[in-house]
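Heads up, the thing below is written out as structure tokens.
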Amino acid sequence: MKLGVLFSGGKDSAFACYMAMQHEEVACLISIISENDHSYMFHTPNVNLSTLQAEAAGIPQILIDTPGEEEVELEDLKRGIEEAVDRFGIGGIVTGAVMSVYQAARIQRICHDLDICCFSPLWYTNQEEYMQKITSSGFNVIIAGVFSYPFDERWLGREIDREMIDELKILSEKYAITLSGEGGEYESFVLDAPFFSKRIVIDESESFCRNYNGRFIIKKAHLEDK
């Protein structure tokens, strides 16, 4: 079956894509570029650079702009999926949803309306095992946004490695956060993945953080051979 992956540039959509590629044909990536930094549906930090990731992966990409208004963005998502069906003949959508019923239910409804399948391979996966797989499978992932206590500016731009996972485990026990950030605690950006032919190198960046709410903005980046 040909599949389209809802792709934000973060670790969850990238890992879901990686899993899908091991079993089916990923025909395209579908990326929603939201004007609303506080979108409930879509990851926003550095999503504009998902074009570099698509190039590195060698997978065609559909880009859909949306103002990020709650119901409008769902119509824009549907438009993007319809385009993927028309252009690439996909029979299903892959999402990086881990625990968000809000996101999963809305995507499933759109897929039902379009008579295509919806796959969420990370749904309710073991959080610690998943994070360990990211570090052991050849992914290079950084923190691109923090949105709750106790995450401050020191986390921005940091690579997710085993040391960080150990820190997250401690914070999870103390503050009941989710290890994967699925509770909205943080967002990520993938610089390299096992299905990339090239890696992303950051040339220029800036970060800002206030009251445990901040972003790591990649202002300039390029692809480099591995």
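Just so you know, all these numbers are worked out from the coordinates, no wet-lab data involved. What you see is a predicted model, and the numbers here were worked out from it, not measured in a lab. Here Cβ is always computed from backbone atoms with ideal geometry, including for glycine, and neighbour counts include all displayed protein chains.
With a ≥ b ≥ c taken as the square roots of the eigenvalues of the C-alpha gyration tensor of the stretch 128-226, please select rounded if a/c is under 1.5 and otherwise prolate if a/b is larger than b/c or oblate if it is not?
Since a/c reaches 1.5 but b/c is at least a/b, the shape of the stretch 128-226 is classed as oblate.
Taking θ = phi - 60°, what integer Hz values does the Karplus form 6.51 cos²θ - 1.76 cosθ + 1.60 yield along the stretch 136-142, in sequence order, with x for Gly and Pro?
Computed from phi, the couplings for the stretch 136-142 are 9, 9, x, 8, 10, 10, 10 Hz.
Taking H as built 1.01 Å from N, whose amide H comes closer than 5 Å to the amide H of residue 187, not counting residues under 5 places away?
HN-HN under 5 Å from residue 187: 144, 145, 146.
At 222 nm, what helix-only mean residue ellipticity would the chain give, in deg cm²/dmol to the nearest 500, using -39500 (n - 2.57) for each DSSP H run of four or more?
Result for the chain, helices only: -10500 deg cm²/dmol.
Around residue 117, which amide H atoms from residues at least 5 apart in sequence, or from another chain, sit under 5 Å from its own amide H, with H modelled in the peptide plane?
92, 93
Determine the shape class of the stretch 1-47: with a ≥ b ≥ c the square roots of the Cα gyration tensor eigenvalues, call it rounded for a/c under 1.5, and otherwise prolate if a/b is greater than b/c, oblate otherwise.
prolate
Indicate the gyration tensor shape class of the stretch 2-119 (rounded, prolate or oblate), computed on the Cα atoms with a ≥ b ≥ c the square roots of the eigenvalues: a/c under 1.5 is rounded; otherwise a/b larger than b/c is prolate and the rest oblate.
It is rounded, given that a/c, with a ≥ b ≥ c, falls under 1.5.
How far is helix 70-88 tilted, in degrees, relative to the longest principal axis of the Cα atoms in the chain, given as a value from 0 to 90 rounded to the nearest 10?
60 degrees
Structure shown: which of 169/226; 78/219; 2/78 lie over 26 Å apart, alpha-carbon to alpha-carbon?
169/226; 78/219
Can you run phi through the Karplus equation (6.51, -1.76, 1.60; θ = phi - 60°) for the stretch 101-113 and list ³J(HN,Hα) in whole Hz, with x for Gly and Pro?
5, 4, 6, 4, 5, 5, 5, 4, 5, 5, 4, 4, 4
Which lysines have a Cα lying under 17 Å from the Cα of residue 11, excluding residues fewer than 8 positions away in the same chain?
Once the sequence-local lysines are set aside, what remains near residue 11 is 133, 198.
Starting from the Kirkwood radius over alpha-carbon pairs of the stretch 85-152, derive D by Stokes-Einstein at 25 °C in a medium of 0.890 mPa s and give it in µm² s⁻¹.
The estimated diffusion coefficient comes to 169 µm²/s.
To the nearest 0.05, how large is the calculated FRET efficiency for residue 70 and residue 1 if R₀ is 35 Å and r is the Cβ-Cβ distance?
It comes to 0.70.
Consider all pairwise Cα distances in the chain and report the whole-number % of them above 24 Å.
The share of Cα pairs beyond 24 Å in the chain comes to 40 percent.
Rank-order 115-123, 138-146 by packing density, defined as the average count of other C-beta atoms within 10 Å over each peptide's residues, highest first.
Result, highest mean Cβ count within 10 Å first: 138-146, 115-123.
Quick one: what are the phi-derived ³J(HN,Hα) couplings along the stretch 208-224, Karplus 6.51/-1.76/1.60 with θ = phi - 60°, whole Hz, x for glycine and proline?
9, 7, 8, 6, 6, 9, x, 9, 9, 9, 8, 8, 8, 7, 9, 8, 9
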